[in-house]
Amino acid sequence: MRDSPRFAFFVNSMLAFACAQLLGSALHEAGHGIAAQLLWFSPRIYAFFEDNPTGTPAQTLLILAAGPVTSLVLGAAFFAWYRLSKPHYTFGRLLLFWLAVLSGMTFVNYLIVTPFLAAGDTAQFADILGWPVLARYAVAAVGVLFVLALSRPAATAMLGVAPASIETDSVGARRRFILHGFYLPLLAGLVLTAVAGIGGRPINVFYGLLGTLGNIDIVVAALYARVAEPSEGARSPDAPLRIAPAGIALYLALVATYIFAFSRGVPV
């Protein structure tokens, strides 16, 4: 079992998810920080948050918006990069897939939680502008529509990184692949992500992990999307399917960065 292609893919997807989440979170907070820096503040980035400075309402709105917009732009860029190559498996493509999905879904999930998470960027944005409750639920509804619209592209992208050695030639097989290759690795990757919160502020680490778990919505949607398996002639050769040492090394380096640098605050 431990040497099976499915197990190796599960472990690699778990590592890729955790690495992508930690990278994506740092880039999201850097988006806030760069906007604050451009407005002549001196922000610092911590584990899963940035100490938003207090300025005028317009300044605060720009800083709040910068994080989700940065995630959206990066998600689109990562996805475009992912699509440059034919379907095949490498750990790098698996990492790129998760970077694209998690970055893009950071923006979408912020829309969804606007009426529910007072500490979220979009909820604070709505507070400053004085949006009524109905408008906040309308924003959340738009976010849900985004999840539904993205379910097929997400499922297609998942199949695009499936190793040829793993069966995906039927609807049931494709669902099992997404379940074992992305849904369960997300849950296991949540535990790996939590390790990076050691030394951080508990409430901010909690919100960071809550956002991490929130990404399960697109995976669940992809489970039920009807997509076709990539044709054999459209594939490039796979890399050897084994647990990736590069994935372990990258994960450990990111965790060390979070624990020893972001826990104390990194100036932008």
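Things worth noting here:
- Only residues that are in a helix (DSSP H, G or I) and over 23 Å from residue 98 (Cα atoms) were counted across the stretch 27-63, and they come to 13.
- Test: residue 78 is out of contact with any Leu (no Cβ under 6 Å at 6 or more places or on another chain) and either more than 24 Å from residue 152 (Cα to Cα) or assigned to a helix (DSSP H, G or I) (or both): no
- Tally, over the stretch 216-251, of residues that are within 18 Å of the chain's Cα centre (by Cα) and either among the aromatic types (Phe, Trp, Tyr) or farther than 19 Å from residue 93 by Cα (or both): 6
- Where a residue in the stretch 107-134 is farther than 18 Å from residue 61 by Cβ and its partner, wherever it lies, is assigned to a helix (DSSP H, G or I) and acidic (Asp, Glu), with Cβ under 8 Å and at least six apart: 109/217; 112/217
- Positions within the stretch 86-134 being farther than 18 Å from residue 208 by Cβ, within 15 Å of the chain's Cα centre (by Cα) and not aliphatic (A, V, I, L, M), in sequence order: 93, 97
- Of all residues in the stretch 92-108, exactly one satisfies the criterion of being surrounded by fewer than 24 Cβ atoms within 10 Å (Cβ to Cβ) and either of a type in the set (Val, Ile, Thr) or farther than 24 Å from residue 244 by Cβ (or both), namely 107.
- The set of residues from the stretch 38-70 being in contact with a strand residue (DSSP E or B) (Cβ under 9 Å, 6 or more places away or on another chain) and either charged (D, E, K, R) or under 14 Å from residue 106 (Cβ atoms) (or both) comprises 44, 50, 51, 67.
- Qualifying residue in the stretch 248-260 (condition: touching a residue at least 40 places away in the same chain (Cβ under 8 Å) and closer than 19 Å to residue 104 by Cβ): no
- Residue in the stretch 131-138 that is assigned to a loop (DSSP other than H, G, I, E, B), aromatic (Phe, Trp, Tyr) and surrounded by fewer than 15 Cβ atoms within 10 Å (Cβ to Cβ) present: no
- Test for residue 80: is it under 23 Å from residue 139 (Cβ atoms), within 18 Å of the chain's Cα centre (by Cα) and surrounded by fewer than 23 Cβ atoms within 10 Å (Cβ to Cβ): no
- Pairs with Cβ under 6 Å, 6+ apart, first in the stretch 190-211 and within 15 Å of residue 265 (Cα to Cα), second part of a loop (DSSP other than H, G, I, E, B) and hydroxyl-bearing (Ser, Thr, Tyr): 199/263; 200/263
- Taken over the stretch 142-170, the criterion of being without any contact (Cβ under 8 Å) to a residue 24 or more places away in the chain and exposed (fewer than 14 other Cβ atoms within 10 Å of the Cβ) is satisfied by 145, 149, 170.
- Looking at the stretch 180-268, the helices (runs of 4 or more DSSP H) lying wholly inside it that each contain 3 or more residues that are over 26 Å from residue 121 (Cα atoms) sit at 184-195, 245-257.
- Considering the conditions (1) surrounded by fewer than 16 Cβ atoms within 10 Å (Cβ to Cβ); (2) assigned to a helix (DSSP H, G or I); (3) without any contact (Cβ under 8 Å) to a residue 40 or more places away in the chain; (4) of a type outside the set (Asp, Glu), residue 66 is excluded by exactly one of them, (1).
Values quoted throughout were computed directly from the atomic coordinates according to the rules given, and no laboratory measurement underlies them. All of these numbers come straight from a predicted model, not from anything done at the bench. Note that each Cβ is placed from the backbone with ideal geometry, even for glycine, and that neighbours are counted across all protein chains shown.
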